[in-house]
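The structure appears right after this line, and notes come after that.
Values quoted throughout were computed directly from the atomic coordinates according to the rules given, and no laboratory measurement underlies them. The model shown is predicted, which means the values in this text are computed figures rather than measured ones. Reconstructed Cβ throughout: ideal geometry from the backbone, glycine too, with neighbour counts over all protein chains shown.
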Amino acid sequence: TWTTGNVIEEQVERIRAQVGEGTAICGLSGGVDSAVAAALVQRAIGDRLTCVYVDHGLMRQDESAQIEKAFGESTGGARLVMVDAEEQFLSALAGVTDPEEKRKIIGREFIRSFEGAQAEILREQGVIQGDHAEAKTFLVQGTLYPDVVESGGGEGAANIKSHHNVGGLPEDLSFELVEPLRALFKDEVRAVGSELGLPDEIVWRQPFPGPGLGIRIIGEVTKERLDVLRKADAIARAELTAAGLDRDIWQCPVVLLADVRSVGVQGDGRTYGHPVVLRPVTSDDAMTADWAKVPFEVLSRISTRITNEVSEINRVTLDITSKPPGTIEWE
Ligand code: XMP
């Protein structure tokens, strides 16, 4: 019979058998899948697992610190390497406004930072010596059953090559994939995560895109604009949570129209500030979505607080487009 306890026991056994005396690396994104995969592998092989979290500077308010804290507490102090790559990402994004260009740059810089951290870890462990790989190592991924089906199935334990020439890993290094969630659906992953002691903020975290707030600033991404968006986003999230709407809403991007300004009035003064867009949606799988009918009083509180507390923003708008034709994210 299927119980979370059985799944955990079985996966821990399998991971031990697969990894043997080897070492493994897992990239954490802040999302539930990578966290549960890492927690399972940590249970199986302890500190022979090293987790890597690349902080690209595009996360929401206090998010990176929360991920570090939650992960450390719930896995009994697994090894976690935090890479502070904010400057690297912001300088690579300087002057860029095209959405696809932004996504490409963020993806490329992510691989560069992640592989840089991997190379350092694997050198410490003796897996890489000089320019050569002395051994194979393991890479943990939070692939779920629907991803396996979508990509045409196949058995696990695939080998993948590094993206050499990007992040400085030797060409002869290969990774064997460890994918302990390959048989599970999202709700089962959440159940396993809870059973393993991961906190609700991780287990029930709403989807958040890999490129982060970088694709929620329409226009160039700068530190100043990110800070403005982070303040507005934190207010919207706090009010939605306080209203008890987190599990009804799939997610609610807050988008900063950084190149648009409009005239307003506040106190006795004229303002000339930026608008933000609230994009609350309901969905089952993000393939289609509807705009969420958030109660007017909640919208009203969000609007009042954002315009009072974030001086650069003088207008709050609501996106009432379903998907299709709109996507959930604006870029
Ligand atoms: P769209 O905007 O295509 O988004 O309707 C569908 C879902 O995917 C998320 N999303 C991403 N997730 N990396 C991710 O991990 C990405 O590059 C990315 N882009 C969009 C989005 O937040 C929504 O849940």
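Calculate how steeply helix 99-124 sits against the longest principal axis of the alpha-carbon atoms of the chain, using the helix alpha-carbon long axis, and give the answer as 0 to 90 degrees to the nearest 10.
Rounded to the nearest ten degrees, it is 40.
Go ahead and estimate [θ] at 222 nm for the chain from helices alone: -39,500 (n - 2.57) per DSSP H run with n ≥ 4, summed, over the residue count, rounded to 500.
Using -39500 (n - 2.57) per qualifying helix, the result is -12500 deg cm²/dmol.
Does segment 234-331 classify as rounded, prolate or oblate by the C-alpha gyration tensor (a ≥ b ≥ c root eigenvalues; a/c under 1.5 gives rounded; else a/b over b/c gives prolate, otherwise oblate)?
Oblate.
Please give the contour-minus-distance gain from L318 to R123: 0.36 nm per residue of separation, less the Cα-Cα distance, rounded to one decimal in nm.
Working: separation 195, 0.36 × 195 = 70.20 nm, distance 5.02 nm.
Result: 65.2 nm gained on full extension.
If you take the beta carbon distance between S311 and E100 as r and set R0 to 45 Å, what does 1/(1 + (r/R0)^6) give as a FRET efficiency, to the nearest 0.05?
0.90
For segment 16-115, what is one quarter of the convex hull surface built on the Cα atoms, given in nm²?
7.0 nm²
Can you give the relative contact order of the chain as a percent, counting alpha carbon pairs under 8 Å and 6+ residues apart?
This gives 17 percent for the chain.
Does anyone have the angle between helix 186-195 and the longest principal axis of the chain? Alpha-carbon axes, 0 to 90°, nearest 10?
For 186-195 against the chain, the angle is about 70 degrees.
Using only the Cα atoms of the chain, build the gyration tensor, take square roots of its eigenvalues as a ≥ b ≥ c, and label the shape rounded, prolate or oblate: rounded if a/c is under 1.5, else prolate if a/b is larger than b/c, else oblate.
prolate
Using the Karplus equation 6.51 cos²θ - 1.76 cosθ + 1.60 (θ = phi - 60°), what ³J(HN,Hα) coupling, rounded to whole Hz, does each residue of segment 290-297 give in order, writing x for Gly and Pro?
10, 6, 7, 7, 5, x, 4, 5
Is there a quick way to get the dipole size of the chain? I mean about its Cα centre, with the Cβ of Lys and Arg at +1 and of Asp and Glu at -1; what is the value in debye to the nearest 20?
Computed charge dipole of the chain: roughly 680 debye.
So how tilted is helix 63-74 from the main axis of the chain? Cα-based, degrees 0 to 90, rounded to 10.
Tilt relative to the chain: about 40 degrees.
Given Cα pairs under 8 Å that are at least 6 residues apart, what percent is the relative contact order of segment 212-318?
Computed value for segment 212-318: 28 percent relative contact order.
Under the 0.36 nm per residue contour assumption, what length would be gained going from the current alpha-carbon distance of E224 and D285 to full extension?
The span from E224 to D285 would gain 18.6 nm if fully extended.
Put +1 on the Cβ of each Lys and Arg and -1 on the Cβ of each Asp and Glu in the chain; which of I111, F185, A232 then has its Cα farthest toward the positive end of the dipole?
After comparing all options, I get A232.
Within segment 282-306, name every residue whose backbone N is under 11 Å away from a label modeled 7 Å from Cα of F185 along the Cβ vector.
none
What residue among S311, T282, A158 has its Cα farthest toward the positive end of the dipole of the chain, where the charges are +1 on Lys, Arg and -1 on Asp, Glu, each on the Cβ?
Of the listed residues, the answer is S311.
Check the chain and count each lysine pair with an alpha-carbon distance under 23 angstrom, considering only pairs eight or more places apart or from different chains.
Lysine pairs satisfying the spacing and distance rule in the chain number 10.
State the extension gain, in nm to one decimal, for the chain segment bounded by H132 and V260, taking 0.36 nm per residue of separation less the distance between their alpha-carbons.
40.9 nm
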